[in-house]
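Contents: one structure, followed by commentary.
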Amino acid sequence: LMDRRSDLASHQVKIGGVTLGEELLMIAGQCTIDPKNPNFFYETAEAVKEAGAQVLRGGVWKPRTNPYTFQGDTKSLDILMEASRRTGLPVDAEVMDEEHLHMALDAGVHMLQIGARNALNYSLLRAIGKAIAERDTVVLLKRSIHMGPINEFIAAAEYIVSFGNPNVLLCPRGTSPGLDGYRNHPDESITPLLKEKSWAPVVVDPSHSVGRAAYVPSCALAAVAYGADGLCIEAHAEPSKGIGDDPKQALTPAVLKTTLEQAKQIWAL
Ligand code: PEP
Ligand code: MN
C-alpha cells in the first residue's frame, strides 16, 4: 500500500497561501455556525484571521450524539461562504454524506472535513475521492475515535487519494475511551509515526482531543513539538454565546493568537 505512494513523497499540499511543511498551518473557527446569529460567525472569522489563521473553519452540518439537538443547517453554508468573501480566507466544513459533499463543492468550499465518525466510511471516502479528483480541493481527514493501527488511518486516506487528488491532511483528534478528565484520549503523539509512514501532512485538532478550552493550548503546543504541520482549533468571538462544542471548547481570539505565536516558535526550533 505505502510503496505505491512513493510517487507522492515530494507532493506539496497548498491552502490559504501556505505550503504545508514550509510554514505552520492554522485552521480556526467555530465548531458550529449558528444560523440565527450569523454576525457571531462574521466576527469570529475576522478575529481568527487577525490572530493569524490562514483557513477558517465553520460547522454547517453537525454529527451530534443526541438526535434531538441542533443538527446544523444548510443555511449556514451561505454564512460560511460570505465569511470567506469578507475575510479572503479559504473555508473548511465537514461533510457527512454525498448530498453535503455536492452542496459544499457547488458552493466553493475549499477544504472538506471528514469527521471522526465517517473516517471509516469507505463508500463516502470513495465518493469524495471521485468528486475532487479533478479539483484542487483539500481534505482534512480526522482520525476515527476507534482507529488503532497507524496503517488503518493511512489506508483511509488512500481511499481518497487513489482517485488522483493527493491533497489530504491527516488529523489526529483524540480517541476513545477518553482519558479521565479529557473528552478523548489525546493522540498528538502519533504525529511522528504518521510522518514516518505517509506522504501526507499532519494537522492536529487539540480541541476535540482534550475537549476543554483551558487545556487546548498545551495540547496544541505538544502537537507542534511532535512535528505537526498544522493545527485545527475551535475558536469563537464569544465562546459562551456559541452552540455545539463552542461554549466548552472554543478559544477566545486572544488565547488563539497567543497559542499560534507560541506554536510558531516551537515549529521554528
Ligand atoms: C468538529 O470538528 O466539530 C467535529 C465534529 O469533529 P470530530 O469529527 O473530530 O468529532
Ligand atoms: Mn466541534
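The values are calculated or read from the model by the stated rules, or taken from the named source; none is laboratory data. Just so it is clear, the model here is predicted, and its values are computed rather than measured. Note: ideal-geometry Cβ built from the backbone for every residue, glycine included; neighbour counts use all protein chains shown.
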- Note on the structure: Expected single match for farther than 25 Å from Gln71 by Cβ and within 13 Å of ligand 1 (Cβ to nearest atom) among Val224, Val203 is Val203
- Only one of Lys264, Lys257, Lys248 is crowded, with 18+ Cβ neighbours inside 10 Å, of a type in the set (Lys, Arg) and in contact (Cβ under 8 Å) with a residue 12 or more places away in the chain, namely Lys257
- Just to be sure, is Ala93 part of a helix (DSSP H, G or I), small (Gly, Ala, Ser) and surrounded by 24 or more Cβ atoms within 10 Å (Cβ to Cβ)? no
- Item | Evaluation of Lys36 against (1) at pLDDT below 95; (2) in a loop (DSSP other than H, G, I, E, B) (one fails), failing number | (1)
- Task: Answer with yes or no whether Thr74 is crowded, with 22+ Cβ neighbours inside 10 Å, hydroxyl-bearing (Ser, Thr, Tyr) and modelled with pLDDT of 95 or more.
- Result: no
- Query: How many residues does the stretch 79-90 hold that are assigned to a helix (DSSP H, G or I) and either in contact (Cβ under 8 Å) with a residue 12 or more places away in the chain or crowded, with 18+ Cβ neighbours inside 10 Å (or both)?
  - Reply: 8
- helices (runs of 4 or more DSSP H) completely within the stretch 172-230 that count 2 or more residues being at pLDDT 95 or above, touching a helix residue (DSSP H, G or I) at 6+ places or on another chain (Cβ under 8 Å) and under 22 Å from Cys31 (Cβ atoms): 206-210, 216-225
